[in-house]
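Since the structure comes first, as structure tokens, the remarks are kept for the end.
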Amino acid sequence: MKRNFSDTAADQAAEWLTALMASDFSAADQERWQQWRAADPDHARAWQHIEAVCARLHGLRGGAAYTALSTPPTSRRNSIAVLLGLGVAGAAGALGTRTHQWQELTADLRTSVGERRQWTLDDGTRVLLNTASAVNLRFDAHQRRLELVTGEIRIETGHATTVAAAAAGRPFIVQTAQGSVRALGTAFTVRQMVGRTQVDVQRSAVEITPAGAAPRRLDAGQRTAFSATAIDAPTPSSSDNVAWTLGAIVADEMRLADFLAELGRYRRGVLRCDPAAAELRFSGVFPLKDTDAILAMLPKSLPVRIRTFSAYWVHVEKR
């Protein structure tokens, strides 16, 4: 992204970004920040650059962005450099991000932030992609393999088709960064997380094989997560876990921090929860078609207020 602002404006924007992400950013600070933006077109351009990058990068959602920008000063400045296009460290970080973005953009099946979409494959399998997800198809005479690049998917295979294909040496497999999930005539969801894969089986069973561990069967009504070397003990599943397939989030005495982390997957930019409000709990069913409406509802149910710094920067804090 081409820069059209000065180094001075970039430095000041970086300082304001760091201040904005701090837990003690006050209403007076917000007013001074807005005055800074309005004082010089160069300031406005530097901040617009940050917002534009946040809108484009899926990796800067919710807690991930806060973690990247709340590190000690030196590391934090390197992270901010990625946003502003400054320095060698910033260029290296941006290159890594673009590499992953390129994999997402060139995937065979993909969805944007907030989008859900379903495909029916040649063998009749139905594949539903959740928000910001990407999958590559590897179907040939020997395999039916889906490579989950990022995000979350639901697979629904026909039992007869799966059994016949497996007998012919063409098992249906979802490949993730940590290992593989083989369908045993089933409906199941797979989510690629940071360093882990989460699996939830709704019908029949799957076989999970981490890259460096023995396989294990997971039956209908169970869910688990696995790394490259181990599989967690199965726990009971719930229809709440797959509410996203119907376009909703279900909260059952859910921590506000966890709810906002989940909601943040469906909107661009940063959605941050004040630590003082993190442990507040509530319940409800929330349609995902309008995430702004969900945020507007929260102060009616919880002692919180919503502070909107821009379309891509929202802070939920205790009232």
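The values are calculated or read from the model by the stated rules, or taken from the named source; none is laboratory data. A quick note: this is a predicted structure, and the numbers were derived from the prediction, not measured. Positions of Cβ are backbone-derived with ideal geometry, glycine not excepted, and every protein chain shown enters the neighbour counts.
Pairing each residue of the range 27-51 that is surrounded by 12 or more Cβ atoms within 10 Å (Cβ to Cβ) with any residue that is part of a helix (DSSP H, G or I) and basic (K, R), provided the two are 6+ apart or on different chains, yields C-beta distances under 7 Å for H43/R37; A44/R37; W47/R37.
The strands (runs of 3 or more DSSP E) found entirely in the range 186-297 that carry 1 or more residues being within 24 Å of H315 (Cβ to Cβ) are 248-255, 270-273, 281-287. Each residue in the range 118-133 was checked for being of a type in the set (A, V, I, L, M) and modelled with pLDDT of 95 or more, and 3 pass. Does I153 qualify as being outside the structural domain of A261 (by TED's automatic domain parsing), part of a strand (DSSP E or B) and either among the aromatic types (F, W, Y) or over 30 Å from V270 (Cβ atoms) (or both)? Judged against the criteria, I153 is not a match. Does the range 62-77 contain at least one residue that is among the polar types (S, T, N, Q) and at pLDDT 50 or above? Within the range 62-77 (the criterion being among the polar types (S, T, N, Q) and at pLDDT 50 or above), the answer is no, since none of the residues qualifies.
So that you can scan it fast, the table gives a plain yes or no per residue for (1) among the basic types (K, R); (2) in the same structural domain as G185 (by TED's automatic domain parsing):
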site: A213; (1), (2): no, yes
site: R217; (1), (2): yes, yes
site: R223; (1), (2): yes, yes
site: T229; (1), (2): no, yes
site: A233; (1), (2): no, yes
site: A251; (1), (2): no, no
site: M254; (1), (2): no, no
site: R268; (1), (2): yes, no
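Applying a threshold of 6 Å to beta carbon distances and a minimum spacing of six or more residues, or different chains, the list of pairs starting in the range 295-307 at a residue that is within 18 Å of P275 (Cβ to Cβ) and ending at one that is assigned to a loop (DSSP other than H, G, I, E, B) reads L302/L280; P303/R319; V304/R319; R305/R319.
For the range 99-112, the criterion of being outside the structural domain of Q178 (by TED's automatic domain parsing), assigned to a helix (DSSP H, G or I) and at pLDDT below 55 is met by at least one residue. Among what's in the range 292-319 and is basic (K, R) and loosely packed, with under 13 Cβ neighbours inside 10 Å, pick the residue that is farthest from G247 (Cα to Cα). Restricting to residues being basic (K, R) and loosely packed, with under 13 Cβ neighbours inside 10 Å, the top hit is R319.
Here the range 15-24 is the region considered, the condition is being modelled with pLDDT under 75 and farther than 29 Å from M193 by Cβ, and the residue that is surrounded by the most Cβ atoms within 10 Å (Cβ to Cβ) is A19. The residue of the range 160-202 that is nearest to the chain's Cα centre (by Cα), among those that are of a type in the set (K, R) and at pLDDT 95 or above, is R191.
With the requirement that a residue be among the small types (G, A, S) and surrounded by 19 or more Cβ atoms within 10 Å (Cβ to Cβ), what does the range 186-212 give you? Selection gives A187 alone.
For the range 265-291, taking the residues that are touching a residue at least 24 places away in the same chain (Cβ under 8 Å) and of a type in the set (D, E), the one that is nearest to D240 (Cα to Cα) is identified as E279.
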